[in-house]
Amino acid sequence: MDAQEKKSTSKPVFCRFRELGRAEMNVELQVHTTWTDGQATVLQILQAAKERGLGALAFTEHVREETAWFHDFKDEVLSSARDFDVLQVYVGCETKALDADGRLDVSQQVLDACDIVLGVVHRLPDGRGGYLDFKQLSFEQTADIEFQLSIGMIRNAPIDVLGHPGGMSLRRHGRFPEAYFRAMMTATLERQIAIEINSSYLADMPAFLALCEEVNPFVSIGSDAHRLNELGRCRDRLLELGVGRL
Ligand SMILES: [Zn+2]
């Protein structure tokens, strides 16, 4: 039987922040493996997810327009997942914005093969085919460009989730304007896509969650796990912070 028939999968269903319960939070929806820059194999991730009692897991590998290995990756995920019936497993990708209109660095073939697509800002395009140097940009410039790229994806790109919102500004400057977070959440609601609660990037998770409580967007939960010990970290952090109805 074709591996794709068995365990694949519907798309993940995202709920709005105020509807999050224990079951909805018991997921890990951003994971990287040795197929790209992660440290653990697909099988090791599945085993750890089972041990940690996760209900659902998305492998969201980094891709580029020219990525040619995606179907082999998907086959490995689906065939490995057969032995883990307790887990709902999704195949996905993380792809970056190429411009402020929402163009993504991913092929249609890969998009078609995904259950979940995370759109992210990783680089800041200079509009001439190259990229700006983060070191030359102020906090305000970085945040402004990141915001424009994010809004472009939210409005136009074939994504399910805006991944690590504000991530580049958070990594480089430790912060991202609340007004931008708010505008992004509001825009995701209009298109009914999810915004990610990302435990790896968010410098002030309680503040981000307070905004989620207010705007009530659809949310995705991702640790951006690159190592086994990071798997399920976002769920654990949310539980620590007392998020979620019983
Ligand atoms: Zn990323």
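In table form, for the structure just shown:
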| read-out | value |
| --- | --- |
| Antiparallel bridges, percent of DSSP beta bridges restricted to region 16-240 (to nearest 5) | 10 percent |
| Ranked list, fewest to most other Cβ atoms within 10 Å of each Cβ, for R52, R128 | R128, R52 |
| Unit charges at the beta carbon, dipole of region 16-240: most positive-side option, I154, V121, L20 | L20 |
| Bins of 5 Å, starting at 0 and running to the largest distance - Cα pair percent for the chain | 1, 7, 15, 19, 20, 17, 12, 6, 2, 0, 0 |
| Additional length obtainable on full extension of the chain from Q136 to E178, 0.36 nm per residue less Cα span | 12.8 nm |
| Proximal charge balance of E61 [Cβ under 10 Å; K/R count +1, D/E count -1] | -1 |
| Order of Y201, Y90 under a 10 Å beta carbon neighbour criterion, fewest first | Y201, Y90 |
| Only Lys, Arg (+1) and Asp, Glu (-1) charged, at Cβ; the chain dipole about Cα centre in debye | 460 debye |
| Taking L111, L241, L57, L162 and counting other C-beta atoms within 10 Å, the order from fewest to most | L241, L111, L57, L162 |
| Within the chain, longest stretch clear of exposed GluC sites (Glu not before Pro) (DSSP loop, no more than 13 other Cβ within 10 Å) | 67-246 |
| Extension gain (nm, one decimal) between D75 and Q39, 0.36 nm per residue minus Cα-Cα | 11.0 nm |
| Lys/Arg +1, Asp/Glu -1 at C-beta; region 16-240 dipole; positive extreme among M168, F73, T33 | M168 |
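No lab work stands behind these numbers, since they all come straight from the coordinates. Everything quoted here is computed from the prediction, not taken from an experiment. Virtual Cβ from ideal backbone geometry, glycine too; neighbours counted across all protein chains shown.
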